[in-house]
Protein chains: 2
Amino acid sequence: MSVTDLPRSRNGVNVEALFATLDAVRAQPEIARFQFRSSHRWITGTHNQGTIHGFYGAGQEHLHERVTQIDADHPAVLVGADNAPTPAELLLNALGACLMSGLANVAAARGIDLENVTATVEGDINLLGILGLDEDVRNGYEAIRVVFHVKGDAEAEKLAALVEQSRRRSAVFDVVTNGVPVTIDVASA
Amino acid sequence: MSVTDLPRSRNGVNVEALFATLDAVRAQPEIARFQFRSSHRWITGTHNQGTIHGFYGAGQEHLHERVTQIDADHPAVLVGADNAPTPAELLLNALGACLMSGLANVAAARGIDLENVTATVEGDINLLGILGLDEDVRNGYEAIRVVFHVKGDAEAEKLAALVEQSRRRSAVFDVVTNGVPVTIDVASA
């Protein structure tokens, strides 16, 4: 049975389970503590591979049903072999994905049927920063723009409000706009 | 011919081309302006797909050799169908990939041969934030930890310095630690 066949579902979201989960977390807030992970191995040059599989949450270890491997590389114009997208593009992808997943949950909770949702994410970056050629230029993006197209059974204002609520509750949007402390250690190999 | 067969290469990095690129950008800094992109489509529930292909840089439009599609979803414990990693994991992946790609370039530029490099990235997140159950809990990660294992033909201190220099010039590390302005618009569908 696919998730769209589940009772009390909308947009493929099991609304009953969603609200039951909220109730469970309200009753036992410590189950909301999660730890996500990725592991990485260098292949050659700027080409490397990340793997996502296990995570901790709701008081126990979990494994995703599938192991996901995502390669990264630099394109030829940046002296890479272009085996895969750049890490900077993977960051934009994470942002777009988070806003999209959130939107579907919000729409389901609000009783709005979605027909079609697409989004584009673009980021402007001046590579004088990462190339070490101008200390006044930051390494990362100067600005990121997201544009959503949402089609569903509600007026335009209500569809736009789905995007706004998704933004208000997006983990990746929060990190990308506000930053988070990152520690980096080097262990003996 | 694979990139590792190129003359003047180290760790699969074409050092000659790398330094030539730096010279070219010094002479014409406007070619350092890049724009990266990803596009997204909703599939069902929290399952959606991002696509990475075109980008702008060095004065012109480019296409990666391959179209990359990366799916995202929520796991069963978060009422998703677990078709793919969560967007929050994709963010960790982007960070690990960026530090890894940079490290290979830095090692090549410093004349250090790498043997084996791995890294793990983990992020702690309290879902009381994104679930809207505690306004004092942020939506995003509270902390992210990266651990590198670097094996190469240099003493431990110099290998650790590669990681540090990669961090200093990482686009994704900068965004994830310092944040960036993100605008979100909703266009008529």
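The values are calculated or read from the model by the stated rules, or taken from the named source; none is laboratory data. All of these numbers come straight from a predicted model, not from anything done at the bench. Note: ideal-geometry Cβ built from the backbone for every residue, glycine included; neighbour counts use all protein chains shown.
What residue, of A:ALA161, A:ALA143, is at pLDDT 95 or above, touching a Pro at 6+ places or on another chain (Cβ under 6 Å) and either at positive phi or aliphatic (A, V, I, L, M) (or both)? The conditions single out A:ALA143. If you go through the range A:97-156 and keep only what is under 24 Å from the mean Cα position of the chain (by Cα) and of a type in the set (Asp, Glu), you end up with A:ASP113, A:GLU115, A:GLU122, A:ASP124, A:GLU142.
Taking the range B:23-90 and the strands (runs of 3 or more DSSP E) fully enclosed by it, the elements with 2 or more residues that are under 22 Å from A:ALA84 (Cβ atoms) and either β-branched (Val, Ile, Thr) or more than 7 Å from every other protein chain (Cβ to nearest Cβ) (or both) are at B:47-57, B:60-72. One residue stands out in the range A:161-189 among those that are in contact (Cβ under 8 Å) with a residue 12 or more places away in the chain and within 7 Å of another protein chain (Cβ to nearest Cβ): the one that is nearest to the chain's Cα centre (by Cα), namely A:VAL172.
Restricting the range B:144-158 to residues that are part of a helix (DSSP H, G or I) and more than 7 Å from every other protein chain (Cβ to nearest Cβ) leaves a set whose member that is nearest to A:GLU89 (Cα to Cα) is B:LYS158.
Between B:GLY59, B:GLY50, the distinction of being touching a helix residue (DSSP H, G or I) at 6+ places or on another chain (Cβ under 6 Å) and surrounded by fewer than 16 Cβ atoms within 10 Å (Cβ to Cβ) belongs to B:GLY59 only.
Within the range B:113-143, the set of residues being in a strand (DSSP E or B), of a type in the set (A, V, I, L, M, F, W, C), touching a helix residue (DSSP H, G or I) at 6+ places or on another chain (Cβ under 7 Å) and under 20 Å from B:LEU92 (Cβ atoms) comprises B:VAL117, B:ALA119, B:VAL121, B:ILE125. For the range A:62-75, taking the residues that are free of Cβ contacts under 8 Å to residues at least 12 places away in the same chain and in contact with a helix residue (DSSP H, G or I) (Cβ under 9 Å, 6 or more places away or on another chain), the one that is surrounded by the most Cβ atoms within 10 Å (Cβ to Cβ) is identified as A:HIS62.
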